[in-house]
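Note sheet for the following structure.
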Amino acid sequence: MRILFLGDDWIGSNATSLADGFRRAGHDVVVVDTTAVSHPARLSYPWIYSKLAGRRAPWHVERIHRRIERVATEFRPDLLFGFKTVHLDQSRLLATPAALHVHYSPDDASNPYNTSPGYLEFEREWDLVVTTKQHNVAELLARGAREVKFVLSAYDPAWHHPRARRGSTRYLVGFIGACRPDRRGRIVALGHEYGHGVLVRGPGWRRIPELRTTRATVAGPAYGAAFSSAVASVTANLVLLNSDNRDTHTCRTFEVPAAGGLFVGERTDEHAALLDDGTECLLFSDDDELYELLRWCDDHPDLVRKVADAGRERITSGRHGYVDRAREIVDALT
């Protein structure tokens, strides 16, 4: 198939990984980068405009649509694939000449933050809506979506694989991900408890005064291969979910073990089905259980390595790469 892929195109982006997944599955793929609309640079004029107007800067939207239309005319795609393109003009996307139009939502499609009034107006016009949240399937169908496909999140073997550490420090526990209200208290408490033994990386954490007063190492995001290097420096890699998205698994569910890290995550049915608790990962239901697991990790470094290796084998041999998700999506169209 000739696939015109619309999504945020930068190192570490899940959209970039899925686009390459389609390519590795044998399809001819052309990507149009939508980052300027979906994630305008913080404090830039388009960012300020989006905050004041409640919608994306129309001149950036127009620029991307002109590129989409120009590429579509030259490329003549069989499939137009929108990766969370909720801030673009849906009528123009759906009018783009292609036999099929598919929209992919990597987050909770019922969370208003992940949709837009314009998208919801036209959602039922997409040939297929793909979601990574099992609970979204019935909700999307009830909203009128024609067809819905559930797929799990995935890892990218180009970026998520064991790598050497980029420093001599070894942390007992670490978290790589965005700062969120439902994560902040737990991370700050870990910083107070373990101090220099804690690594925290991701957007927003350096703006948390309570965390800065601990001895934890706090840094910005780690994307692409840098993520795997950060994982290598941590004994217990936390996999924390997003309650606003009602997560029961996340991209980190696959990325941490694929990178060779020990998965220490919240106990959910999906996590328990993907990895065996105690032999391929360590799951917890509350903070008391988490601290007990961290003490075990500190006391049993050899067993930690065995569990991490088993987890990596389970994920990497289980068809959980983006190429596998691309094949699942294409199979749903045939």
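Some points to look at:
- In the stretch 55-138, the trypsin sites (Lys or Arg not before Pro) that fall in loop regions by DSSP, at most 15 other Cβ within 10 Å: ARG55
- Sorted by Cβ density within 10 Å, fewest first, the residues ASP20, ASP309: ASP309, ASP20
- Counting Lys and Arg as +1 and Asp and Glu as -1 over every other residue whose Cβ lies under 13 Å from the Cβ of HIS192, the net charge comes to +1.
- The chymotrypsin sites (Phe, Trp or Tyr not before Pro) of the stretch 130-191 include none that DSSP puts in a loop with a beta carbon having at most 16 other beta carbons within 10 Å.
- Take every Cα pair under 8 Å whose residues are at least 6 apart in sequence, average their separation, divide by the length of the chain, and the relative contact order is 16 percent.
- Helix 301-316 axis, angle to the chain major axis (alpha carbon atoms, nearest 10°): 20 degrees
- Anisotropy class of the stretch 171-316 from Cα gyration tensor, a/c 1.5 cut: rounded
- Relative exposure of THR235, THR73, judged by other C-beta atoms within 10 Å (fewest first): THR73, THR235
- Helix 181-194 vs. the chain, principal-axis angle (Cα, 0 to 90°, nearest 10): 20 degrees
- The chain: C-alpha gyration tensor shape, a/c 1.5 cut-off, then a/b vs b/c: prolate
- Förster radius 56 Å - calculated FRET efficiency between THR73 and ARG215, Cβ distance, rounded to 0.05: 0.45
- Each residue of the stretch 175-180 is assigned a 3J(HN,Hα), and the resulting list reads 9, 10, x, 5, 6, 9 Hz, derived from the Karplus form 6.51 cos²θ - 1.76 cosθ + 1.60 (θ = phi - 60°), x at Gly and Pro.
- Label reach from ASP269 (point 7 Å along Cα→C-beta): in the stretch 220-259, amide nitrogens under 16 Å belong to 246-250.
- Label sites at ASP309 and ALA332, each approximated as a point 7 angstrom past Cα along Cα to Cβ, lie 3.7 nm apart.
- Tensor-based shape of the stretch 99-139 (alpha-carbon gyration tensor, a/c under 1.5 rounded, otherwise prolate or oblate): oblate
- A straight chain from THR169 to GLU193 at 0.36 nm per residue would run longer than the Cα-Cα distance by 6.9 nm.
- Environment charge of GLY7, counting only residues whose C-beta is closer than 14 Å and scoring Lys/Arg +1, Asp/Glu -1: -2
- Degrees separating the helix 287-299 axis from the principal Cα axis of the chain, which is the longest one: 60 degrees
Only the coordinates and a few stated rules stand behind these numbers; no lab work does. Computed from a predicted structure; not experimentally measured. Backbone-built Cβ (ideal geometry, glycine too); neighbour counts: all protein chains shown.
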